[in-house]
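Engineer: The structure follows.
The values are calculated or read from the model by the stated rules, or taken from the named source; none is laboratory data. Note that the structure is a prediction, hence the values are computed from the model and not measured. Here Cβ is always computed from backbone atoms with ideal geometry, including for glycine, and neighbour counts include all displayed protein chains. Each accessible area value is taken on the protein alone, full model and side chains, heavy atoms only, with ligands, DNA and RNA left out. Shrake-Rupley method; radii C 1.70, N 1.55, O 1.52, S 1.80 Å.
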Amino acid sequence: MMSMNEQVACALIATELRRLQDLSYSELAALVGKVETKELVGEDGKTYQLEIQAFWDSKKGADVRLIVAADDGGWRAFKPLTGDFIMRPDGSLV
């Protein structure tokens with residue numbers, strides 16, 4: 001069984017994190033408690049599933065942590081690659 005191309009998956013995660021960092025704090029806060037999934041085709045032609053989750057990092061109304069996880073539907077789905085960032089209410093990144 002072919003293993004997931006981690007370099008391709010990391011590139012997809014990085015692109016998604018950049019997209020999310022362009023959103024405002026209020027847009028990110030509105031994502032808390034929701035799970036967004038999307039399928040993207042990597043540069044290797046394989047389909048990857050991305051899962052985006054937002055959490056309050058410490059307490060409600062404070063910093064928002066965004067986590068993007070990627071897997072290819074294989075065994076990696078049990079231990080996906082992830083990337084994350086935290087945005088403060090003033091819009092700055094931690």
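Engineer: Condition first: assigned to a helix (DSSP H, G or I), open to solvent by 60 Å² or more (accessible area, probe 1.4 Å) and farther than 12 Å from Leu66 by Cα. Now tell me which residues in segment 1-47 satisfy that. Write out each step before concluding.
Structural biologist: Let us first name the residues in segment 1-47 that are assigned to a helix (DSSP H, G or I), namely 6-21, 25-29.
Going one step further and asking which of them are open to solvent by 60 Å² or more (accessible area, probe 1.4 Å), we end up with 6-7, 10, 15, 18-19, 21, 26-27.
Scanning segment 1-47 gives Glu6, Gln7, Cys10, Thr15, Ser26.
Engineer: Moving to a separate point now. Looking at segment 68-84, can you tell me whether even one residue there is more than 20 Å from Tyr25 (Cα to Cα), modelled with pLDDT of 95 or more and open to solvent by 60 Å² or more (accessible area, probe 1.4 Å)?
Structural biologist: Looking for residues that are more than 20 Å from Tyr25 (Cα to Cα), modelled with pLDDT of 95 or more and open to solvent by 60 Å² or more (accessible area, probe 1.4 Å), one finds at least one in segment 68-84, hence yes.
Engineer: For segment 32-59, name all the residues that are more than 12 Å from the chain's Cα centre (by Cα) and touching a residue at least 24 places away in the same chain (Cβ under 8 Å). I'd like the intermediate steps shown before the answer.
Structural biologist: Filtering segment 32-59 down to residues more than 12 Å from the chain's Cα centre (by Cα) leaves 32-34, 39-48, 56-59.
Once the filter is applied, which keeps residues that are more than 12 Å from the chain's Cα centre (by Cα) and touching a residue at least 24 places away in the same chain (Cβ under 8 Å), segment 32-59 yields Val32, Leu40, Gly42, Glu43, Asp44, Lys46, Thr47, Tyr48, Trp56, Asp57.
Yes/no per residue for (1) among the aliphatic types (A, V, I, L, M); (2) in contact with a Pro (Cβ under 9 Å, 6 or more places away or on another chain); (3) farther than 23 Å from Lys79 by Cα:
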residue: Asp22; (1), (2), (3): no, no, yes
residue: Val32; (1), (2), (3): yes, no, no
residue: Glu43; (1), (2), (3): no, no, no
residue: Tyr48; (1), (2), (3): no, no, no
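Engineer: Taking the condition touching a Cys at 6+ places or on another chain (Cβ under 8 Å) and on the phi < 0 side of the Ramachandran plot, does Leu81 pass? Even if it seems obvious, please write down each step before you answer.
Structural biologist: Working: touching a Cys at 6+ places or on another chain (Cβ under 8 Å): yes; on the phi < 0 side of the Ramachandran plot: yes.
Yes.
Engineer: Just give me the residues in segment 10-47 being touching a helix residue (DSSP H, G or I) at 6+ places or on another chain (Cβ under 8 Å) and of a type outside the set (D, E, K, R), in sequence order.
Structural biologist: Leu20, Leu28, Leu40, Gly42
Engineer: Hey, can you tell me all the residues within segment 49-94 that are in contact with a strand residue (DSSP E or B) (Cβ under 7 Å, 6 or more places away or on another chain) and part of a loop (DSSP other than H, G, I, E, B)? Even if it seems obvious, please write down each step before you answer.
Structural biologist: Residues of segment 49-94 in contact with a strand residue (DSSP E or B) (Cβ under 7 Å, 6 or more places away or on another chain): 49-57, 62-73, 77, 80-87, 93-94.
Answer for segment 49-94, where residues must be in contact with a strand residue (DSSP E or B) (Cβ under 7 Å, 6 or more places away or on another chain) and part of a loop (DSSP other than H, G, I, E, B): Asp57, Ala62, Asp63, Asp72, Gly73, Pro80, Val94.
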